[in-house]
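The values are calculated or read from the model by the stated rules, or taken from the named source; none is laboratory data. As the structure is a computational prediction, the values presented were derived from the model and not from experiment. Note: ideal-geometry Cβ built from the backbone for every residue, glycine included; neighbour counts use all protein chains shown.
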Amino acid sequence: MHDIAPKPDSSGKFDPVKQIHLQDLMGNDREVIIIHQGEEYRLRLTSNNKLILTK
């Protein structure tokens, strides 16, 4: 299992949370499949520009 909790650096500060622009993740598609622990999750951009993640 991976440890996903943020860890402080040597100064005691936490690294910022990684940011990914949606276009970098999805390109011109409106839907992508994300695999997590062998399970498929569907990330979809709706016609109202909302994100929906379903299993």
Unmet requirement for Leu43, which otherwise passes all of (1) surrounded by fewer than 10 Cβ atoms within 10 Å (Cβ to Cβ); (2) modelled with pLDDT of 95 or more: (1)
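So, in the stretch 7-29, of the ones that are surrounded by 10 or more Cβ atoms within 10 Å (Cβ to Cβ) and without any contact (Cβ under 8 Å) to a residue 24 or more places away in the chain, which residue ends up farthest from Ile52 (Cα to Cα)? Before the answer, list the steps.
Let us first name the residues in the stretch 7-29 that are surrounded by 10 or more Cβ atoms within 10 Å (Cβ to Cβ), namely 14, 22, 25-26, 29.
Adding the requirement that they be without any contact (Cβ under 8 Å) to a residue 24 or more places away in the chain leaves 14, 25-26, 29.
On the way: Phe14: 29, Leu25: 14, Met26: 13, Asp29: 14 Å.
It comes out as Phe14.
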Filter result (assigned to a loop (DSSP other than H, G, I, E, B) and surrounded by 10 or more Cβ atoms within 10 Å (Cβ to Cβ)) within the stretch 30-39: Arg30
